[in-house]
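The values are calculated or read from the model by the stated rules, or taken from the named source; none is laboratory data. Quick caveat, the model's predicted, so the values are computed rather than measured. For neighbour counting, all protein chains shown are included, and Cβ atoms are generated from backbone atoms with ideal geometry for every residue, glycine included.
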C-alpha cells in the first residue's frame, strides 16, 4: 500500500531584505532565508506537513501564475507579514479569496497592519537566537496543527463575508426579516471582541476610573491579578504575585511567562519579556489606569480592563 501524501504547506514570505530594512536586520541580506530554514521549515515539519515556497521550484517561470496555482493546490498557507512586503499582502489576498486555511506570523519589530490586527498572528524574535527559535518552532507547530484541525472554519474570511452579504442583500430587497439578520450579525461581531467586566461594568468604564496609589506596597498589592489590554487590542497582560506576569497574543492558547520589577519612582516599573529577555521601562499615568512602554510610546500603551485575572474571549 502506498503511503498517503503529506499535507502541503505553502509559505508566503519576503525573499530579499530591502535596503532601508537592512539596519533592522543587522545588515544581513540572508535574513529571510534564515527565517525560512531555521524556523518555518522545522515548525512545519514538526507539525507533520510538507513545506515549500516558490523559489524551491527550479522549473518556475511565470512567477505570479505559479504562485496562484500553488496557493490553490496546497492545504494550508503560512504567511510571514514581517517588513510589510507588498507581494506578500497580494498573495495573502489570493489566499483569502481561495478560502484556504492560513497561519499568519510576523517578527517582533513589525507593527500590526490595521486591517489584520484582529486575526491571530504568531510573533517570533527577529534576532533568531537559538533558544527563542527552538521555543518558537514548537509553538508555531502547535498553531499550524490547530489550524489544520479547525473543522469549524474559523479561519474562513469567505464564510464571514457571506454573513454580511446576506444582510446587505436582504436589506436591498426589503426583506421583513432583515432586522433579525442584522441582530444576528451584531451578536457575531460582539462575540468576537474581547470582553471584560468590573463590578458589573464594562471595561471602558473601568479605564476611566482613577486609582489612588500612594506607596510601592499599595502598588504591588493593586497590580496582583489585574488584566491590561494594549492599544492594538490584540495583546493582554495579567500581573501575578511578586514579580511574575503573563502575556497573550490574540487568543493564542499559550500565555507566556514574563517578569516585572517596580522601580525607584512610584509610577515606573520594568517589564522583562520572556520571549527575548529584553527589558522595557514602563510608566503609569496619574490615575494608575494606564501605563506606557517608554521605548515605544506611540504603540506601547496599555489600559486596565479587569481588577482580577480575566481571560479575553477572542474570535478569529
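Could you run through region 272-288 and say how many residues are assigned to a strand (DSSP E or B) and surrounded by fewer than 15 Cβ atoms within 10 Å (Cβ to Cβ)?
Taking region 272-288 first, the residues assigned to a strand (DSSP E or B) are 272, 279-284.
Add one more test, that the residue is surrounded by fewer than 15 Cβ atoms within 10 Å (Cβ to Cβ), and what stays is 279, 281.
Adding up the residues that qualify gives 2.
A quick yes/no check of all residues on (1) outside the structural domain of residue 278 (by TED's automatic domain parsing); (2) under 16 Å from residue 232 (Cβ atoms); (3) in a strand (DSSP E or B); (4) in contact (Cβ under 8 Å) with a residue 40 or more places away in the chain:
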site	(1), (2), (3), (4)
83	yes, no, no, yes
90	yes, no, no, no
110	yes, yes, no, no
119	yes, yes, no, yes
139	yes, no, no, yes
142	yes, no, no, yes
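Residue by residue, here is whether (1) surrounded by fewer than 19 Cβ atoms within 10 Å (Cβ to Cβ); (2) in contact with a helix residue (DSSP H, G or I) (Cβ under 6 Å, 6 or more places away or on another chain) holds:
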{"residue": "116", "(1), (2)": "yes, no"}
{"residue": "122", "(1), (2)": "no, yes"}
{"residue": "127", "(1), (2)": "yes, no"}
{"residue": "130", "(1), (2)": "yes, no"}
{"residue": "135", "(1), (2)": "yes, no"}
{"residue": "143", "(1), (2)": "no, no"}
{"residue": "149", "(1), (2)": "yes, no"}
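Of everything in region 302-316 that is surrounded by fewer than 17 Cβ atoms within 10 Å (Cβ to Cβ) and in contact with a strand residue (DSSP E or B) (Cβ under 9 Å, 6 or more places away or on another chain), the residue that is modelled with the highest pLDDT is 308.
Within region 9-38, being buried (at least 16 other Cβ atoms within 10 Å of the Cβ) and closer than 23 Å to residue 73 by Cα holds for 9, 10, 11, 12, 13, 14, 36.
Would you check if residue 19 is modelled with pLDDT of 90 or more and farther than 20 Å from residue 140 by Cβ?
Numbers: modelled with pLDDT of 90 or more: yes; farther than 20 Å from residue 140 by Cβ: yes.
Spelling it out, residue 19 is indeed modelled with pLDDT of 90 or more and farther than 20 Å from residue 140 by Cβ.
Each residue in region 25-75 was checked for being touching a helix residue (DSSP H, G or I) at 6+ places or on another chain (Cβ under 6 Å), under 18 Å from residue 94 (Cβ atoms) and at pLDDT 90 or above, and 1 of them qualify.
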